[in-house]
Amino acid sequence: MEFFIDTASIEEIRAAQSWGILDGVTTNPTHVAKEGREHKDLIQEICSICPGPVSVEPTVADAQGMIREGEEFATWAPNVVVKVPITPEGVRALRALRAKGIRCNVTLVFSLAQALIAAKAGGTYVSPFVGRLDDAGADGMELVRDICDAYRHYGFETKVLAASLRHPVHVIQSALVGCHVATMPFRVMEQLFNHPMTDIGLEKFLADARRLKSELEIRRAARG
Ligand code: G3P
């Protein structure tokens with residue numbers, strides 16, 4: 001399963017990239033607004049740090065506007081993927097962008113019906129929003145599982161990208177249902193490392209290494 005980071009923070013992307021486990025980045029207008037920088041400069045810097053796919057979301061909702069912005073985004077860097085919402089306008093934009101060889105990530109997906117449209121229209125990625133479904137009292141992972149199952153029946157090539165993930169269990173469950181990509185906040189990626197037994201074990205190994213080092217130093221000093 002690929003790991004994408006869901007952020008537009010250069011600091012977070014650099015840190016995740018330094019771990020060697022970062023496969024791509026997803027941004028959205030909320031993330032971009034937090035950075036307070038020119039969209040193009042920010043995306044180009046992100047694309048230069050992470051060579052994997054970087055999803056960039058248009059700032060308008062009509063097909064013509066999304067096509068115009070999407071075509072421009074695609075000139076910013078070769079690894080740009082254009083996000084389109086799962087609306088009739090979004091799918092029109094997807095068809096036009098795809099015909100020009102521009103990859104699209106179909107976003108704001110909350111049902112299997114929407115995910116089927118995303119695949120039939122030729123989305124490179126489909127993004128079910130797990131955490132937001134959970135927030136609404138539904139089971140977000142159930143949707144991810146259903147999409148993976150339905151896509152397998154028909155051999156759709158669209159990759160399932162679990163989005164709006166809030167904690168490590170979402171990532172683990174995404175892997176267990178055979179999802180292709182999990183995009184997560186930096187905090188969740190950091191949490192994936194954590195296990196108390198790792199901390200306890202490391203502390204003990206380091207303490208033993210320190211003790212041996214000081215014993216050897218004492219012996220060396222005693223020998224003169
Ligand atoms: O970028 C789309 C999605 O991952 C947003 O997540 O946490 O705002 O629901 P969230």
Distance in nm between pseudo-label sites at residue 95 and residue 14 (7 Å out along the Cβ direction from Cα) = 4.4 nm
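Quote the charge dipole size of the range 74-224 about the Cα centre in Debye, to the nearest 20; the model charges only the Cβ of Lys and Arg (+1) and of Asp and Glu (-1). It would help to have the intermediate numbers written out before the result.
On the way: 20 positive and 14 negative charges, 140 e Å.
In debye, rounded to 20, the range 74-224 gives about 680.
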Max mean-square fluctuation residue, GNM over the chain, Cα-Cα springs under 10 Å, options 136, 207, 150 | 207
Most fluctuating of 199, 134, 41 in the GNM of the chain (C-alpha, under 10 Å) is 199
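Excluding residue 42 itself, calculate the net charge of residues whose Cβ lies under 12 Å from the Cβ of residue 42, where each Lys or Arg counts +1 and each Asp or Glu counts -1. Can you show the working numbers first?
On the way: positive: 34, 37, 40; negative: 35, 38, 41, 45.
Net charge in that neighbourhood comes out at -1.
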Does the range 24-136 come out rounded, prolate or oblate, given a ≥ b ≥ c as the square roots of the eigenvalues of its C-alpha gyration tensor, rounded meaning a/c under 1.5 and, failing that, prolate meaning a/b above b/c?
-> oblate
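What is the packing order of peptides 68-78, 157-167, taking the mean over residues of other C-beta atoms within 10 Å and listing the highest first? Intermediate results must be reported in sequence, preceding the final value.
Details: 68-78: 16.5, 157-167: 22.6.
The packing order, highest mean first, is 157-167, 68-78.
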Between residue 157 and residue 195, Cβ-based FRET efficiency (R0 35 Å, step 0.05) works out to 0.45
For the chain, what number results from the quotient of the Cα radius of gyration and 2.2 N^0.38 Å?
-> 1.27
Would you look at the GNM of the chain, springs on alpha carbons closer than 10 Å, and say which of 102, 13, 200 moves the most?
-> 200
Inter-centroid distance (Cα atoms) of the range 74-94 relative to the range 124-186, Å = 20 Å
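Using packing as a proxy for protection, rank 174-182, 44-52 so that the peptide with the highest average count of other Cβ atoms within 10 Å comes first. Numbers along the way, then the final one.
Details: 174-182: 18.9, 44-52: 17.1.
In descending order of packing, they fall as 174-182, 44-52.
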Can you give the extra length, in nm with one decimal, that the chain gains between residue 112 and residue 30 once fully stretched, where that is 0.36 nm per residue apart less the Cα-Cα distance?
-> 27.0 nm
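Every read-out reported here was derived from the displayed coordinates using simple, explicitly stated rules and does not represent laboratory data. Everything numeric here is computed off the predicted structure, so don't read it as measured data. Here the Cβ is made from the backbone with ideal geometry for all residues, glycine too, and neighbour counts use every protein chain on show.
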